[in-house]
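Chemist: Let me give you the structure first, and then I'll get to my questions.
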Amino acid sequence: MVVAQGKRRRLSAQDWTTAALDALATGGLAGVAVEPLAVQLGATKGSFYWHFADRDALLVAALAQWEREHTDDVIALVETEPDVPARLRLLLSLGLGVFGDHPDGNGVELALLATARHPLVRPALARVSARRISYLAGLFVELGLAPVEAHRRGLLAYTAYLGHAQLVHATPELAPSGAALRRYVDEVTAMLTSGTEPLPNNGATAARDRRGRRGRPQP
């Protein structure tokens with residue numbers, strides 16, 4: 001995103017964090033550097049320091065935006081589906097790129113995984129992974145599975161997502177696409193929900209309430 005020459009508009013912190021995420025997706029953690037971002041945005045470094053104390057502060061804000069957009073907002077969207085299999089299918093469809101959101105894989109996620117030992121990245125990845133697996137496990141509890149088995153299937157679903165992202169990134173010619181990808185999502189959903197039976201409505205509501213309390217981010 002390069003700003004056209006001419007009169008500069010005042011950049012917001014959101015502009016900088018969005019640009020940082022774009023740079024992270026294409027150039028990894030090393031790509032998030034103040035001077036190149038300023039050039040890309042057509043801004044001065046003074047604009048950056050108006051919003052952030054340093055590069056680490058920008059990274060923290062960018063990671064928070066990534067967490068919100070790729071976990072909190074996704075879960076909120078999935079929760080609008082009327083039943084658990086539909087929620088799981090939509091979640092997998094979003095994660096695996098059925099709707100064309102990230103046909104070449106989730107660049108930000110892969111960049112973060114490649115630098116998982118970074119002191120700012122590690123806690124963000126741990127928090128997001130735990131939240132996602134907990135949410136998935138809660139879906140399987142709603143399908144009548146015991147908590148241990150529900151967690152196991154949630155872990156299977158999450159690792160399927162991560163593995164697919166790596167496959168699309170490294171060897172996209174081997175990954176299903178189009179109608180084949182939609183069939184793949186249906187098959188994965190069927191395998192993950194095999195042998196399950198939704199809880200009665202009151203039991204499902206209680207399970208969702210417990211899941212909401214577990215999955216809610218700490219203030």
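Just so you know, all these numbers are worked out from the coordinates, no wet-lab data involved. The structure displayed is predicted, hence computed values, not measured ones.
Chemist: List, in order, the whole-Hz ³J(HN,Hα) value for each residue of the stretch 78-83 obtained from phi through the Karplus relation with A = 6.51, B = -1.76, C = 1.60 and θ = phi - 60°; use x for Gly and Pro.
Modeler: With coefficients 6.51, -1.76 and 1.60, one gets 4, 5, 7, 6, x, 9 Hz.
Chemist: For the stretch 81-134, what does the alpha-carbon gyration tensor say about shape, rounded, prolate or oblate, given a ≥ b ≥ c as the root eigenvalues, a/c under 1.5 as rounded, and a/b over b/c as prolate? Don't jump to the answer; show the numbers that get you there.
Modeler: On the way: a/c = 4.60, a/b = 1.57, b/c = 2.93.
Oblate, since a/c reaches 1.5 and b/c is not below a/b.
Chemist: In sequence order, what are the phi-derived ³J(HN,Hα) couplings for the stretch 158-166 according to the Karplus relation 6.51 cos²θ - 1.76 cosθ + 1.60 with θ = phi - 60°, rounded to whole Hz, with x for glycine and proline?
Modeler: With coefficients 6.51, -1.76 and 1.60, one gets 5, 5, 4, 4, 5, x, 5, 4, 5 Hz.
Chemist: While we're on this one: Apply the Karplus curve 6.51 cos²θ - 1.76 cosθ + 1.60, θ = phi - 60°, to the phi angles in the stretch 143-154 and return the couplings in whole Hz, x for Gly and Pro.
Modeler: So the Karplus estimates, Gly and Pro as x, are 8, x, 7, 5, x, 5, 5, 4, 5, 4, 6, x Hz.
Chemist: While we're here: Does the stretch 66-215 classify as rounded, prolate or oblate by the C-alpha gyration tensor (a ≥ b ≥ c root eigenvalues; a/c under 1.5 gives rounded; else a/b over b/c gives prolate, otherwise oblate)? Don't jump to the answer; show the numbers that get you there.
Modeler: On the way: a/c = 1.96, a/b = 1.29, b/c = 1.52.
Since a/c reaches 1.5 but b/c is at least a/b, the shape of the stretch 66-215 is classed as oblate.
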